[in-house]
Amino acid sequence: MGIAQLFIWIARGIAVLLVVAVHEYIKARVSTSLGDPKPKMQGRLTINPLKHFEPIGFIIMLVFFYGWGKPVETTATYYKDRKWGTVLTYTAPIIGCLVFGGTAAALYMLAAPLFLELVMSSGVLAGPNAGTILPIMLLPLTTLSWISLYSFTFALFNLIPVHPLDGSKILSAFLNPNQVIKMNSLEKIFLMILVFLIVGGIVGRILTPVALILRRSIGIPI
């Protein structure tokens, strides 16, 4: 693995950690604001990525673009309106990811000319260590690009109604108790199928084009 490729993976790793942290923090914050003490009791009311890290989900997301973090546990019984409190708690992180991705993309568009000017004026391209120094100089810009992509893919991915994704909680809010019990009894099977679809590239072929369209709508060409 070359130095350039190594720093691309570093940027991707940073992006995954930040996107998951923002997503889970928003979920914890919204649930807490609705009266649920559980996220705070479990130390999830923080933006610290390590508090939201789940190794298997991280690796799958890092490699295949789609994965999950450590889910924030919530207790809907504390909400004044259990149905709409649940919908709000699990919809807000998806919207938050879209906003985070859009912000990262906008910052990328603003910062790209400045970074390119810095690279050109530094003379690093003419130096003998250009292949090593250039990826380091461009790491913040590369990270912003990956944050925008992972934010959009993570938001779209979480619409899928399979545990531990947000879509499963949103769907369960509209089901009767018997339907929820039946859905929960099949969650491991659904998750195995979902992982197979991720690794097989099927999820990516469906959702990634949509995420790229979102990026291009803000100005990032690819």
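The values are calculated or read from the model by the stated rules, or taken from the named source; none is laboratory data. Note that the structure is a prediction, hence the values are computed from the model and not measured. Every residue, glycine among them, receives a Cβ derived from its backbone with ideal geometry; neighbour counts consider all protein chains shown. In case anyone asks, the SASA skips ligands and DNA or RNA and just uses the protein heavy atoms, side chains included. Shrake-Rupley method; radii C 1.70, N 1.55, O 1.52, S 1.80 Å.
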From the list 11, 15, 28, pick out the single residue that is of a type in the set (A, V, I, L, M, F, W, C) and within 15 Å of residue 71 (Cα to Cα). 28
Scanning the range 53-81 for residues that are in contact (Cβ under 8 Å) with a residue 12 or more places away in the chain and more than 27 Å from residue 200 (Cβ to Cβ) gives 72, 73, 74, 75, 76, 78, 79, 80
Go through the range 31-52 residue by residue and tally those that are without any contact (Cβ under 8 Å) to a residue 24 or more places away in the chain, open to solvent by less than 50 Å² (accessible area, probe 1.4 Å) and outside any loop (DSSP other than H, G, I, E, B). 1
Residue pairs, Cβ under 8 Å, 6 or more apart or interchain, first in the range 185-199 and touching a residue at least 12 places away in the same chain (Cβ under 8 Å) and on the phi < 0 side of the Ramachandran plot, second in a helix (DSSP H, G or I) and surrounded by 14 or more Cβ atoms within 10 Å (Cβ to Cβ). List them. 187/168; 194/203; 195/60; 198/60; 198/64; 198/204; 199/60; 199/64
Just for the range 134-161: of the residues that are assigned to a loop (DSSP other than H, G, I, E, B) and open to solvent by 20 Å² or more (accessible area, probe 1.4 Å), which one is nearest to residue 22 (Cα to Cα)? 159
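Listed here are the residues, each with its yes/no results for (1) more than 30 Å from residue 188 (Cβ to Cβ); (2) modelled with pLDDT of 90 or more; (3) not hydrophobic (A, V, I, L, M, F, W, C).
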site: 103; (1), (2), (3): yes, yes, yes
site: 116; (1), (2), (3): yes, no, no
site: 122; (1), (2), (3): yes, no, yes
site: 129; (1), (2), (3): yes, no, yes
site: 134; (1), (2), (3): yes, no, no
site: 146; (1), (2), (3): yes, yes, no
site: 151; (1), (2), (3): no, yes, yes
site: 155; (1), (2), (3): no, yes, no
site: 160; (1), (2), (3): no, yes, no
Which numbered condition residue 99 misses (of (1) over 22 Å from residue 162 (Cβ atoms); (2) open to solvent by 40 Å² or more (accessible area, probe 1.4 Å); (3) in contact with a Ser or Thr (Cβ under 8 Å, 6 or more places away or on another chain); (4) among the hydrophobic types (A, V, I, L, M, F, W, C)): (3)
Given the conditions (1) touching a residue at least 24 places away in the same chain (Cβ under 8 Å); (2) open to solvent by less than 80 Å² (accessible area, probe 1.4 Å), every one holds for residue 180 apart from (1)
Can you find a residue in the range 202-214 that is open to solvent by 80 Å² or more (accessible area, probe 1.4 Å) and either modelled with pLDDT under 90 or over 20 Å from residue 19 (Cβ atoms) (or both)? yes
When you go through 14, 8 one by one, which is the residue that is at pLDDT below 95 and out of contact with any Asp or Glu (no Cβ under 8 Å at 6 or more places or on another chain)? 8
Name every residue in the range 67-86 that is within 19 Å of residue 154 (Cβ to Cβ) and open to solvent by less than 20 Å² (accessible area, probe 1.4 Å), in order of residue number. 67, 69, 72
